[in-house]
Amino acid sequence: RNSAQVLNDLLTGLASQRERPVLICVDDYNALFGETEYLGPDDRPVSPHDLRLVCASRWLERPDIARGAVVAAPTTSLPLRKTIQIRESGRVSHAALSPFSYEEACASWSKSGQEQPSQRSREEQILRNFVLGVNGNGHAIRDYSALL
């Protein structure tokens with residue numbers, strides 16, 4: 001058995017058991033449906049549908065979890081082509097979260113000990129431009145705080 005099959009068996013086992021609640025979170029979910037950079041033996045791009053590990057991670061296509069839930073979030077940095085349809089089984093709720101605002105980014109950065117820059121300072125303008133440049137992406141804002 002290969003690692004993709006082992007992971008698939010593990011995830012199937014977790015989803016089908018009823019003893020303990022299971023929460024499965026998948027970020028950048030739309031990356032499981034986009035184009036890959038892998039090439040097959042014929043030098044043609046490999047479809048994500050042909051990759052076992054990718055298919056094992058497509059939680060919204062699986063039957064309901066016996067006791068638990070799946071939270072899947074797309075990324076704004078990897079847009080999903082409008083022609084791709086993501087199949088959903090079971091009960092699915094959609095929620096749209098707004099990107100981080102500058103003020104929310106500052107609140108996040110303050111958790112790592114950073115002070116909010118003075119108004120109209122050069123530092124404030126740099127941080128505002130950064131938040132705009134990453135479209136309020138929480139990952140980028142969190143990663144940037146490690147550099148501050």
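We did not get these values from a lab; they are worked out from the coordinates using the rules stated. All values reported here derive from a predicted model rather than from experimental measurement. Every residue, glycine among them, receives a Cβ derived from its backbone with ideal geometry; neighbour counts consider all protein chains shown.
General remarks:
- Our note on the geometry: Cα centres of region 99-148 and region 1-80, 32 Å apart.
- FRET efficiency, Ala4 to Ser118 (Cβ-Cβ, R0 41 Å, nearest 0.05): 0.20
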